[in-house]
1. Could you give every pair whose Cβ atoms fall below 6 Å, whose first residue belongs to the range 191-215 and is free of Cβ contacts under 8 Å to residues at least 12 places away in the same chain, and whose second residue is open to solvent by less than 10 Å² (accessible area, probe 1.4 Å), counting only separations of at least 6 or pairs across chains?
2. What are the pairs with Cβ atoms under 7 angstrom where one residue, in the range 283-303, is surrounded by 14 or more Cβ atoms within 10 Å (Cβ to Cβ) and the other, located anywhere, is assigned to a helix (DSSP H, G or I) and of a type in the set (Gly, Ala, Ser)? Sequence gap at least six, or different chains.
3. How many residues does the range 373-397 contain that are of a type in the set (Phe, Trp, Tyr) and either loosely packed, with under 11 Cβ neighbours inside 10 Å or more than 16 Å from residue 322 (Cβ to Cβ) (or both)?
4. Being among the hydroxyl-bearing types (Ser, Thr, Tyr), without any contact (Cβ under 8 Å) to a residue 60 or more places away in the chain and part of a helix (DSSP H, G or I) is the filter here, so list the residues in the range 354-413 that pass it.
5. Within the set of pairs 6 or more residues apart or between chains, which connect a residue that is within 17 Å of residue 168 (Cβ to Cβ) and modelled with pLDDT of 95 or more inside the range 255-266 to a residue that is polar (S, T, N, Q) and part of a helix (DSSP H, G or I) with Cβ atoms less than 6 Å apart?
6. So how many residues does the range 212-268 have that are assigned to a loop (DSSP other than H, G, I, E, B), of a type in the set (A, V, I, L, M) and more than 19 Å from residue 161 (Cα to Cα)?
7. Looking at this structure, is residue 65 open to solvent by 10 Å² or more (accessible area, probe 1.4 Å) and among the polar types (S, T, N, Q)?
8. Suppose we filter the range 333-352 for residues that are surrounded by fewer than 24 Cβ atoms within 10 Å (Cβ to Cβ) and outside any loop (DSSP other than H, G, I, E, B); how many remain?
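The values are calculated or read from the model by the stated rules, or taken from the named source; none is laboratory data. Keep in mind it's a predicted model, so treat the numbers as computed, not measured. Note that each Cβ is placed from the backbone with ideal geometry, even for glycine, and that neighbours are counted across all protein chains shown. Note: accessible area is taken over every heavy atom of the protein model, side chains too, but ligands, DNA and RNA are not part of it. Shrake-Rupley method; radii C 1.70, N 1.55, O 1.52, S 1.80 Å.
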Amino acid sequence: MNRIEIIKNHLIFSTPLENYFNIIEINNCNSNNNNNKNILKEMENSKIKIIEYKNGCRRIILNRSEALNSLTIEMLRFLLEKLREFNDDYRCKFVIINSSTEKSFCSGGDIKEFAQFSQSPTGVNPFIKIEYTMDHLIHTFNKPILSFVNGIVMGGGVGLSIHCSHRIVGDNVQWAMPENKIGYFPDVGTSYFLSKLGSIGLYLGMVGVKINSKDLINIKLATHYIPNDLLERTLEELCNDEDIEGFRQIDFILNKYRKTLYADKESSHLVKYQTIINKCFNKKFKSVIEILNQLKDEITNERNHSDEREWASKTLSILLDNSCPTSVCISFETIHRALQMNIDQIFEMEIRVGTRIGNREDISQGVRKTLIDKNYKPIYSPSSIYDISQSFIDSFFLPLNDEKKEFSFSIDE
């Protein structure tokens, strides 16, 4: 079951926006209900839980498990507010972000709400501007910030975790950036990382394939692997160790519990198909058409193993039949451009692309297929990758007409 199908099954649990953040303090250091003497303050609602510890740890727990922790705009606003507070608070020594469920860290932005923004007069800009500002803050955080990832992590969930200084994965991670399948593109600053992975990064961004913990460790998108049965013990030590002052003590604790993961052809998708991925998504290719042509060649190449020919056929079908043509070409372009950019420039680029592509009818077409009718054949415009010109793609990267919609480091929404 993919991210779209899973989220569809949970949309019925959506709560009205005005009810999202009635967060109340339920514990403090003097409370009789507080079982952990090291907790200063604990706040909780049905979406996010915040725990502040005496040792300077500030813990954010995503708590919308019925919807796989998909992010609404109100959740994003709240996360941005708390992260700014922690970044500026001298009493905060480090931050942990994790989930209340092993099933999902975060499945991404709330697709139903995102689609509603796409059809509104303001478009998706208000949504992505807050999200990108949060992701940029995490990337430039002035103290250690740790993400503990297990289960599904896709789209906006990748943005929330990949920019952290420490990216810890458990046993059952399902990681992907599948936005091309709904008429959007892989955003949240991921092009910063994918551009540095050569053919692998291009493959992950364009095709949206799911990978696991071994893949993530192998390509260094994750920094530590800690088995599920040791995760809670690791978190408890981090939250309660009074000697933690910064990176050195945190690294010591993580290294005490981390284990080595070896990626091989049997357990790693990227290792199994690395040779043919390198051939088909060669970073020297200057267009998507070159990738498509190479995939076609590999399908008929008798020197390839049968599973490699099958991989090439499936990959070609994803790009031509199950993805938005404009999205595929945009993802190719953003990853190539990102290689020459710093993180500030990447978010500036993404806000321009996201604002434009997020306001197109392609979003409605893609969401209709993925959320409403799987048998629906989306009517994308242009309808084929072969009909897309470079000048058309370049137009998505131009400065926005409204300067207020450009990326800002000091957004106050």
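1. none
2. As it stands, the answer is 283/199; 295/312; 298/312; 299/312; 299/313, since those pairs meet every condition given.
3. Residues meeting the conditions: 4.
4. Passing the criteria: 391, 395.
5. Final answer for the pair search is 257/234.
6. The first filter runs over the range 212-268 and keeps only residues assigned to a loop (DSSP other than H, G, I, E, B), leaving 212, 219-223, 226-227, 241-246, 258-268.
Remaining after also requiring of a type in the set (A, V, I, L, M): 219, 221-222, 226, 244, 261, 263.
Keeping just the survivors that are more than 19 Å from residue 161 (Cα to Cα) gives 244, 261, 263.
Final tally of qualifying residues: 3.
7. Taking the combined requirement at face value, the residue satisfies it.
8. Selection size over the range 333-352: 10.
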